[in-house]
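Where a number appears in this text, it was derived from the coordinates with a stated rule and is not lab data. In this text the structure is predicted, and so the values were computed from the model without any measurement. No Cβ is skipped: glycine too gets one built from the backbone with ideal geometry, and neighbour counts run over all protein chains shown.
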């Protein structure tokens, strides 16, 4: 016959352990360490807001490999279309712009510097133009919008009581090195 005392003792021990686990669970549930339901809800809302913010921050990185390939093609096209291979192309383009806008060149000089990073030689141009105020304004506008890449560094406007308006322009452009 089984020993009932021993079984009863084992049952009492098991019930005591279960009661202790229940007590421990109740203490953890109601303790300030876990926090109230409102505190947990606020923390959940703040974490959700942080997740949305982080998602928006990394959104520009979506499809990055395709964007890099596209940028590479755009850079290649920019170099092909916007940078001349010969100095004469720069002077020809300036001549076309001045003729199209009714401006004359009084004097001009340019200087080519050594090739920099990217294989481009900088060409610094200083020129004096003459014409009416509106034709000079159109010329500057056309220079900025031209297919060839021009950077206007400074413009000096001068003139006399009678006659055309004088315009001194310092600008730069770039040549493909080794062309």
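The table for this structure:
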| item | result |
| --- | --- |
| P(r) histogram, all alpha-carbon pairs of the chain included - 10 Å bins from 0, percent | 8, 20, 14, 10, 9, 7, 7, 7, 6, 5, 4, 2, 1, 0 |
| Two-decimal ratio, region 84-176, of alpha-carbon radius of gyration to 2.2 N^0.38 Å | 1.10 |
| Packing-based exposure ordering (other Cβ within 10 Å, fewest first) of 30, 129 | 30, 129 |
| Helix-only mean residue ellipticity at 222 nm for the chain, each DSSP H run of n ≥ 4 adding -39500 (n - 2.57), per residue, nearest 500 | -18000 deg cm²/dmol |
| Ranking of 150, 78 by count of other Cβ atoms within 10 Å, fewest first | 78, 150 |
| Those residues of region 90-108 whose amide nitrogen sits under 12 Å from the label point placed on residue 147, 7 Å along Cα→Cβ | 93 |
